[in-house]
Amino acid sequence: MNRKSKKKKTYNDDDGRVIANMDFEYEPGLKWFAPLKRERPKAEKESEKKNEVDMNPQPPLSRKETFIIMRSALLAGLVIGTVFILIYFLVILFFYLLWS
């Protein structure tokens, strides 16, 4: 049976409504998906430039501030990991005492 000779399935309950639109071409905020560039009106381009300027009002961080943030994130991760290991150890100890 050829692919060309197959008939397309038809459903009796299909009324043509779209439940979940999967057309990402014109969705704002999806910068990773850009199949074709479309022309935007000039007013839309200007408003987008204005939004980009307003989105980043803070100056970049210094090396010292960056290091402090990285160290704090590392310590937070280590604390969370230690808590998980401690809970795991307590559960194992509880089951050991329960079944022995």
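The values are calculated or read from the model by the stated rules, or taken from the named source; none is laboratory data. Only a predicted model underlies this, so the values are computations on that prediction, with no experimental measurement involved. Backbone-built Cβ (ideal geometry, glycine too); neighbour counts: all protein chains shown.
Take THR10 and decide whether it is polar (S, T, N, Q), modelled with pLDDT of 60 or more and assigned to a helix (DSSP H, G or I).
No; evaluated as a whole, the condition is false for this residue.
To keep it simple, each residue is scored yes or no on (1) surrounded by 10 or more Cβ atoms within 10 Å (Cβ to Cβ); (2) in a helix (DSSP H, G or I); (3) not polar (S, T, N, Q).
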site	(1), (2), (3)
GLN58	no, no, no
LYS64	no, yes, yes
PHE67	yes, yes, yes
LEU74	yes, yes, yes
GLY81	yes, yes, yes
ILE92	yes, yes, yes
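Only one residue in VAL18, VAL91 is out of contact with any helix residue (DSSP H, G or I) (no Cβ under 7 Å at 6 or more places or on another chain), of a type in the set (Val, Ile, Thr) and at pLDDT below 95, so which one is that?
One residue alone meets the criteria, VAL18.
Here are the criteria: (1) of a type outside the set (A, V, I, L, M, F, W, C); (2) at pLDDT below 75; (3) loosely packed, with under 10 Cβ neighbours inside 10 Å. Tell me which single one GLU48 does not satisfy.
It fails just one condition, (3).
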